[in-house]
Amino acid sequence: MNPIKISPQFNREADCVLFEGDCLDLIRQIPDNFVKLIVTSPPYNIGKTYENKLDFNDYLSQQRQVIEGCVRVLEESGSICWQVGNFVNNGEIIPLDVVLYPIFASLGLHLRNRIVWQFGHGLHASKRFSGRYEVILWFTKTDEYTFNLDDIRVPQKYPQKKHFKGPKKGELSGNPLGKNPSDIWNIPNVKANHVEKTVHPCQFPVELIERLVLAMTNEGDWIFDPYNGVGTTAIAALIHKRKAMGAEIVPEYVFIAKDRIHKAERGELRIRPMERHVYDPRTPYQNIPPKVVRLSDDVPGQGQLLEPKEDYKVKGLSE
Ligand SMILES: C[S@@+](CC[C@H](N)C(=O)[O-])C[C@H]1O[C@@H](n2cnc3c(N)ncnc32)[C@H](O)[C@@H]1O
């Protein structure tokens with residue numbers, strides 16, 4: 001395969017567009033109905049280093065402008081995934097999905113799932129419960145949309161379970177390809193010890209975006225992240241042979257995004273694999289043999305081995 005072609009401006013011949021600047025300026029360059037999936041995590045207006053905290057209504061108007069542009073560039077069979085948490089002011093929270101939903105609905109989009117992304121790390125609150133989930137609002141532009149369920153199935157809890165009566169008695173009752181991953185996703189967020197950690201304070205884990213990419217697009221489709229950060233969406237797109245486009249205002253993040261893509265191209269980028277179990281302190285360490293209790297022929301033994309802990313290398317993009 002040829003080297004990945006990265007363009008600093010919109011260019012339909014490129015594999016990847018990494019635009020340094022305001023997302024609205026990139027959106028203006030993109031033709032109507034061009035991208036298959038838009039996945040992003042916008043600023044939450046909570047005063048992170050990369051954002052100017054705005055009056056909340058001004059923030060919502062700014063989001064509306066970007067969302068309107070996104071709807072224009074979205075293909076008819078395409079999807080938008082807007083990943084958000086809470087706006088916090090003096091200890092009071094406003095769930096951003098709740099206030100942003102009316103904007104999407106007013107533009108005629110259809111909400112397919114409100115995915116709860118559950119994770120283990122974050123600030124320890126002292127006057128309310130510590131926040132350990134955020135959400136992904138998944139909208140489609142029309143009723144004819146891509147959803148490749150078989151590409152994102154996860155292992156059944158009891159893969160050997162069989163029908164115990166009726167005409168299918170004795171046959172496996174679950175789908176041999178695995179089950180639907182549901183709308184609650186337990187995926188570690190990228191904090192200090194995560195293998196993908198960069199200097200960015202709130203980057204996506206690659207595996208979170210991989211699932212969206214595999215489910216909602218096909219090879220060769222364009223995937224756009226208007227708030228591209230250190231390029232996680234682009235990496236998830238490129239490793240699955242899609243095309244990636246993103247805008248980012250902080251030059252250092254654009255540089256890191258490019259560097260991560262080149263590392264992935266050389267087979268040197270380390271990511272956490274989608275298949276790895278989430279660490280659970282109650283599960284025995286992998287070097288202690290699990291205790292297996294067989295309850296019946298249909299229920300597999302209890303006790304699970306943890307996945308090996310060594311780092312994972314992405315296959316080179318050209319492989
Ligand atoms: C929540 S972070 C996204 C991080 C990203 N998902 C990743 O994995 O690296 C939001 C990003 O949007 C960028 N940003 C803020 N306003 C922007 C704008 N108007 N246009 C483009 N990027 C912007 C910020 O610098 C920040 O990196």
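The values are calculated or read from the model by the stated rules, or taken from the named source; none is laboratory data. Just so we're clear, the structure is a prediction, and the values are computed from it rather than from any experiment. In this analysis, Cβ positions are derived from the backbone assuming ideal geometry, glycine residues included, and neighbour counts consider all displayed protein chains.
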Tally, over region 142-164, of residues that are out of contact with any helix residue (DSSP H, G or I) (no Cβ under 7 Å at 6 or more places or on another chain), part of a loop (DSSP other than H, G, I, E, B) and at pLDDT 95 or above: 5
Residue satisfying condition, being in contact with a Ser or Thr (Cβ under 6 Å, 6 or more places away or on another chain) and under 23 Å from T232 (Cα atoms), within set V35, V39: V39
Cβ-Cβ under 6 Å pairs, at least 6 apart or on other chains, region 221-239 side near the ligand (Cβ under 9 Å from one of its atoms), far side of a type in the set (D, E) and not in a helix (DSSP H, G or I): N228/E248; T233/D225
Region 167-189 residues that are loosely packed, with under 13 Cβ neighbours inside 10 Å, paired with ones that are among the β-branched types (V, I, T) and not in a loop (DSSP other than H, G, I, E, B) (beta carbon under 7 Å, 6 or more apart): I184/V116
Which numbered condition I67 fails, given (1) closer than 19 Å to G246 by Cβ; (2) more than 12 Å from the ligand (Cβ to nearest atom); (3) exposed (fewer than 15 other Cβ atoms within 10 Å of the Cβ): (3)
Selection count, region 40-75, where residues are of a type in the set (D, E, K, R) and either assigned to a loop (DSSP other than H, G, I, E, B) or at pLDDT below 95 (or both): 5
Selection from region 145-160 of residues that are in contact with a Pro (Cβ under 9 Å, 6 or more places away or on another chain) and β-branched (V, I, T): I152, V154
Matching residues in region 240-262 - criterion: being away from the ligand (no atom under 13 Å from the Cβ) and touching an Asp or Glu at 6+ places or on another chain (Cβ under 8 Å): H240, K241, R242, K243
Selection within region 251-261 - touching a residue at least 12 places away in the same chain (Cβ under 8 Å) and surrounded by fewer than 17 Cβ atoms within 10 Å (Cβ to Cβ): P251, E252
Meets criteria (at pLDDT below 95 and among the aliphatic types (A, V, I, L, M)) for A192: yes
Residue in region 152-161 that is in contact with an Asp or Glu (Cβ under 7 Å, 6 or more places away or on another chain) and either within 16 Å of the ligand (Cβ to nearest atom) or within 26 Å of D22 (Cβ to Cβ) (or both) present: no
Residue check, I38 of a type in the set (A, V, I, L, M), within 23 Å of I136 (Cα to Cα) and more than 9 Å from the ligand (Cβ to nearest atom): yes
From Y59, Y50, Y44, residue being among the hydroxyl-bearing types (S, T, Y), surrounded by fewer than 17 Cβ atoms within 10 Å (Cβ to Cβ) and within 14 Å of the ligand (Cβ to nearest atom): Y50
Single condition M1 does not satisfy, out of (1) more than 14 Å from the ligand (Cβ to nearest atom); (2) hydrophobic (A, V, I, L, M, F, W, C); (3) modelled with pLDDT under 95; (4) touching a strand residue (DSSP E or B) at 6+ places or on another chain (Cβ under 7 Å): (4)
Single residue of V135, V199, V116 found to be within 16 Å of the ligand (Cβ to nearest atom) and within 22 Å of M274 (Cβ to Cβ): V135
Any hit, region 263-271, residues being under 16 Å from the mean Cα position of the chain (by Cα) and either within 16 Å of the ligand (Cβ to nearest atom) or closer than 18 Å to E20 by Cβ (or both): yes
Filter pass, S79 being closer than 30 Å to G122 by Cβ and free of Cβ contacts under 8 Å to residues at least 12 places away in the same chain: no
